[in-house]
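*Asks:* A single structure is presented below for examination.
The values are calculated or read from the model by the stated rules, or taken from the named source; none is laboratory data. Only a predicted model underlies this, so the values are computations on that prediction, with no experimental measurement involved. Cβ placement follows ideal geometry from the backbone for every residue including glycine, while neighbour counts extend to all protein chains displayed.
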Amino acid sequence: MRVALFLTCVNDTLYPDTGRAVVKLLTRLGVDVDFPSGQTCCGQAHYNTGYRHEAEPLARHFSDVFGAYEAIVTPSGSCGAMVRELYPRMGERARAEGRGDTLAATLAPVVPKTYELTEFLVDVLGVTDVGAYYPHKVTYHPTCHGLRGLGLGERPRRLLQAVKGLELAELPGADECCGFGGTFALKNPDVSAAMGADKVRNAESTGAEVLCAADNSCLMHIGGTMARLRTGMRPVHIAEILASTEEEPAV
Amino acid sequence: MSGTYLGMPAFPEAAREAVGNATLRGNLRHATHTIRAKRAKAVSEVSDWAELREAGKRIKDHTLRHLDRYLVQLEESVTAAGGVVHWAADADEANEIVTRLVKMTGEPEAVKVKSMATQEIGLNEALEAEGIRAYETDLAELIVQLGKDRPSHILVPAIHRNRGEIRDIFTREMSEWGRPAPEGLTDTPAELAETARLHLREKFLRARVGISGANFMVAETGTLVVVESEGNGRMCLTLPETLISVVGIEKIVPTWQDLEVFLQTLPRSSTAERMNPYTSTWTGTTDEDGPQNFHLVLLDNGRTDTLADEVGRQALRCIRCSACLNVCPVYERAGGHAYGSVYPGPIGAILSPQLRGTGSEIDASLPYASSLCGACYEVCPVAIDIPEVLVHLRERVVQGGEVTRAGNKVVLRPAKGHAAERAAMRAARWAFLHPGALRTGQRAASRTRRFHPRTLPGPGRAWSGTRELPPVPAEPFRDWWQRTRGGKDGDR
Ligand code: SF4
């Protein structure tokens, strides 16, 4: 199976290690991974901040770049939700504004083929034990768009439970938002920081060394808060845990 | 809406104060988490919750689509049952009608059932200006009124107060309004409740005018419905000679049978009860029983304009259960007052800027008072997609566009203060459409990474004031890929 990696603009620029981990993991599982170099951003930040018309060309660009692949895999719940949930809605809105079906038709092909990484592993490849080794105590934060947008459910936790050496600690208040919310963190800094601090305190109470999630944007916010509060905990993307093996362990 | 809350600072500033207030945060956290857990349990007891939610949504959508027809039907049934219907286009008109009706009775006071609609129009203040005192009889609303405070929650208006604060308010203020609080009042719930009960009982027995809202109005029979937990509502609705009900036009359901859905979803979503302790229904007037004069004031106040908006109109499905407030992480930290409206929390963030427009600073900031986490949509018993409407309203704020105001189509200009953001969004879009330019930018960032500040200038300061920024990596992923084609050409 030949799949396209949609890494997202945030991961590409700030978290290349997550991208390498996804490549390593999928290759190990026998998947032929390609990284279409024309890819940039799905348009989520534009869309969610109220710039729908700026997001439309980005969505079209996404379709152009990824339309021909069998499957599109992304290590980001929120960018996955953007494509799957909001692209159809953008098409509907264009139609309601009397602009016809063109946008909907352009975006339609990529919508059902886009998978968040853990969804792809469990639903498409049918694996929960990916042969990973990660000898640390880990707590899992289900990010909002993964949890409620895509409905990832137990998939990430099942994958983590199958990792050798990993001890999974339940996170109190797991399904509460960490307070990132894209531009929300900039527009409402006080509330955002208070939410982040509560999330970090809950994570700390588990005694885990690592907080993991399937979205680096949330991890950036949580990790930044951890560093500021000097907790000693680390944020790690789930892909990096799943890519780690006994031969090549992640640090 | 009334001007009661105007002059409020925008949401981020108003929220800052609440975030910094440890008592307030403690009160809110405790209250919302308790009710949140209870609600989840009450909802999980019902096996067909998803179907009930869908049914509620459909009934409301159907009614809104044919609102003109159902309003006429309602007016006919109310009139036939001996009531009088009044139409109020806005808050001023509604206040003027109610004031006139109370004056006609010659009474200087009225007892009130807690009502969002009368709060929305600032009725108590309007009556006070005409020398008429309106007594709130709901316990939490009484606390707010005595404390010269503003409500901060739809269902529990005094949620921001703890027991000690309530005892102080009772001791200090009750004598001003009627029966004083007893000497040596403590803050035990039983004593506080008994004090309020005795204070209120005097008012119920004296009152000749009652003022209420309604949770529902049944078009086919002209029946109004109030659900409540304390019994004060039933006293207000049955004891006075004159009853005046002020109700938003969206509160109609076509038939009695439709009530069945909401009488299940409303109590479980709001108070986590299987059924409301008191469900009162009244239809016009009945000889020698209950109020002999009944007036229904149907309030528009921006609702017809909201109905004209295809995406935003779903806010009118709201049955004011307040479940969305109780799960909202932003409401939990910011408190209800920060929303600058009688409708706080997620529903307030989409309802107020539609009813009032996005003209003021606070109304333009409300669509951003959310991290779009989606918890509100998940709990809403009529499935209002609050995040969808928030994004839709953000679009209105930053891009302007056509809206309906007082029945006329007007084109809004973009709100002030978004020029820099708009420019940044355009620049980002341009870079994202030109991968080469994006790569150049990434490489420049990587090459200069040792010189990057740990705090950001401008609007970014808000971020780095409380969080550390991640370091920029030595090489963006796309360069690594190009160099190694995914590690195949050798790596590290
Ligand atoms: S929006 Fe939904 S959850 Fe919120 S108060 Fe209204 S009905 Fe309840």
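*Asks:* Is it the case that the range B:314-330 has a residue that's more than 16 Å from the ligand (Cβ to nearest atom) and buried (at least 20 other Cβ atoms within 10 Å of the Cβ)?
*Replies:* Filtering the range B:314-330 down to residues more than 16 Å from the ligand (Cβ to nearest atom) leaves none.
Taking every residue of the range B:314-330 in turn, none turns out to be more than 16 Å from the ligand (Cβ to nearest atom) and buried (at least 20 other Cβ atoms within 10 Å of the Cβ).
*Asks:* Here's another thing I want to ask about it. Report, by residue number, each residue of the range A:180-224 that is among the polar types (S, T, N, Q) and in contact with a helix residue (DSSP H, G or I) (Cβ under 6 Å, 6 or more places away or on another chain).
*Replies:* Just the residues of the range A:180-224 that are among the polar types (S, T, N, Q), to begin with: A:183, A:188, A:192, A:202, A:205-206, A:216-217.
Within the range A:180-224, A:T183, A:N188, A:S192, A:N216, A:S217 qualify.
*Asks:* Select from the range A:143-174 the residues that are within 16 Å of A:T118 (Cβ to Cβ), touching a residue at least 12 places away in the same chain (Cβ under 8 Å) and not in a helix (DSSP H, G or I) and list them in ascending order.
*Replies:* A:T143, A:L150, A:L152, A:A162, A:V163, A:L166, A:L168, A:A174, listed by residue number.
*Asks:* How about the range A:10-58: which of its residues are outside any loop (DSSP other than H, G, I, E, B), at the interface with chain B (Cβ under 7 Å from one of its Cβ atoms) and in contact with a Cys (Cβ under 8 Å, 6 or more places away or on another chain)?
*Replies:* A:L58
*Asks:* Of the conditions (1) within 13 Å of the ligand (Cβ to nearest atom); (2) over 15 Å from the mean Cα position of the chain (by Cα); (3) at pLDDT below 95, B:E388 clears all except one; give me its number.
*Replies:* If we test B:E388 against (1) within 13 Å of the ligand (Cβ to nearest atom); (2) over 15 Å from the mean Cα position of the chain (by Cα); (3) at pLDDT below 95, just (3) comes out false.
*Asks:* Do we find that A:L150 is within 14 Å of chain B (Cβ to nearest Cβ), of a type in the set (A, V, I, L, M) and within 12 Å of the chain's Cα centre (by Cα) in this structure? Give the steps one after another, and end with the answer.
*Replies:* Working: within 14 Å of chain B (Cβ to nearest Cβ): yes; of a type in the set (A, V, I, L, M): yes; within 12 Å of the chain's Cα centre (by Cα): yes.
Considered against the rule, which asks whether it is within 14 Å of chain B (Cβ to nearest Cβ), of a type in the set (A, V, I, L, M) and within 12 Å of the chain's Cα centre (by Cα), A:L150 comes out as yes.
*Asks:* To continue, here is another question. Condition first: assigned to a helix (DSSP H, G or I) and either crowded, with 23+ Cβ neighbours inside 10 Å or at pLDDT below 95 (or both). Can you find one or more residues in the range B:103-114 that meet it? Spell out how you get there, then give the answer.
*Replies:* Quick first cut of the range B:103-114, residues assigned to a helix (DSSP H, G or I) only: B:103-105.
Okay, now just the ones that are also either crowded, with 23+ Cβ neighbours inside 10 Å or at pLDDT below 95 (or both), so none.
Checked the range B:103-114: no residue is assigned to a helix (DSSP H, G or I) and either crowded, with 23+ Cβ neighbours inside 10 Å or at pLDDT below 95 (or both).
*Asks:* Let me ask you something else. Could you tell me which numbered condition B:A308 fails, if it satisfies all but one of (1) more than 16 Å from the ligand (Cβ to nearest atom); (2) in contact (Cβ under 8 Å) with a residue 24 or more places away in the chain; (3) in the same structural domain as B:F204 (by the TED database)?
*Replies:* That leaves (3) as the condition not met.
*Asks:* List every residue pair whose Cβ atoms lie under 7 Å apart, where the two residues are 6 or more positions apart in sequence or sit on different chains, the first residue falls within the range B:281-293 and is assigned to a strand (DSSP E or B), and the second residue, located anywhere, is small (G, A, S).
*Replies:* Matching pairs, first to second residue: B:W282/B:G290; B:T283/B:A81; B:T283/B:G222.
*Asks:* Continuing with the same structure: Quick one: B:E54 ticks every box in (1) outside any helix (DSSP H, G or I); (2) touching a residue at least 40 places away in the same chain (Cβ under 8 Å); (3) within 25 Å of the chain's Cα centre (by Cα) bar one, so which box is it?
*Replies:* The number of the failed condition is (1).
*Asks:* Something else about it: Would you please name the residue that is nearest to the ligand (Cβ to nearest atom), looking only at residues in the range B:341-375 that are in a helix (DSSP H, G or I) and β-branched (V, I, T)? Walk me through how you get there before you give the answer.
*Replies:* Residues of the range B:341-375 that are in a helix (DSSP H, G or I), as a first pass: B:345-355, B:361-368, B:375.
This time we only want the ones that are β-branched (V, I, T), so: B:347, B:350, B:362.
Working: B:I347: 4, B:I350: 8, B:I362: 19 Å.
Here the residue is B:I347.
*Asks:* Taking the range A:1-17 on its own, how many of its residues are more than 16 Å from B:T484 (Cβ to Cβ) and touching a residue at least 12 places away in the same chain (Cβ under 8 Å)? Talk me through it step by step, then tell me what you get.
*Replies:* The initial filter retains those residues of the range A:1-17 that are more than 16 Å from B:T484 (Cβ to Cβ), namely A:1-4, A:6, A:8-11, A:13-15.
Next, only the ones that are touching a residue at least 12 places away in the same chain (Cβ under 8 Å) stay: A:1-4, A:6, A:8-11, A:14-15.
Adding up the residues that qualify gives 11.
*Asks:* Output the residues belonging to the range B:401-449 that are in contact with a Leu (Cβ under 8 Å, 6 or more places away or on another chain), within 11 Å of chain A (Cβ to nearest Cβ) and either hydrophobic (A, V, I, L, M, F, W, C) or touching a residue at least 12 places away in the same chain (Cβ under 8 Å) (or both).
*Replies:* Kept after step one, since they are in contact with a Leu (Cβ under 8 Å, 6 or more places away or on another chain), are these residues of the range B:401-449: B:401-403, B:429, B:431-433.
Still in the running and within 11 Å of chain A (Cβ to nearest Cβ): B:401-402, B:429, B:431-433.
B:A431, B:F432, B:L433, listed by residue number.
*Asks:* Return the pair list, or none, for Cβ contacts closer than 7 Å from residues in the range B:249-265 that are within 17 Å of B:L307 (Cβ to Cβ) and outside any helix (DSSP H, G or I) to residues that are at pLDDT 95 or above and aromatic (F, W, Y), at least 6 apart or on different chains.
*Replies:* Pairs that qualify, where the first residue is within 17 Å of B:L307 (Cβ to Cβ) and outside any helix (DSSP H, G or I) and the partner is at pLDDT 95 or above and aromatic (F, W, Y), are B:I252/B:Y70; B:V253/B:F216; B:P254/B:Y70.
*Asks:* Which residues, taken from the range B:244-298, are touching a Lys or Arg at 6+ places or on another chain (Cβ under 6 Å) and away from the ligand (no atom under 16 Å from the Cβ)?
*Replies:* Answer for the range B:244-298, where residues must be touching a Lys or Arg at 6+ places or on another chain (Cβ under 6 Å) and away from the ligand (no atom under 16 Å from the Cβ): B:I249, B:Y278, B:S280.
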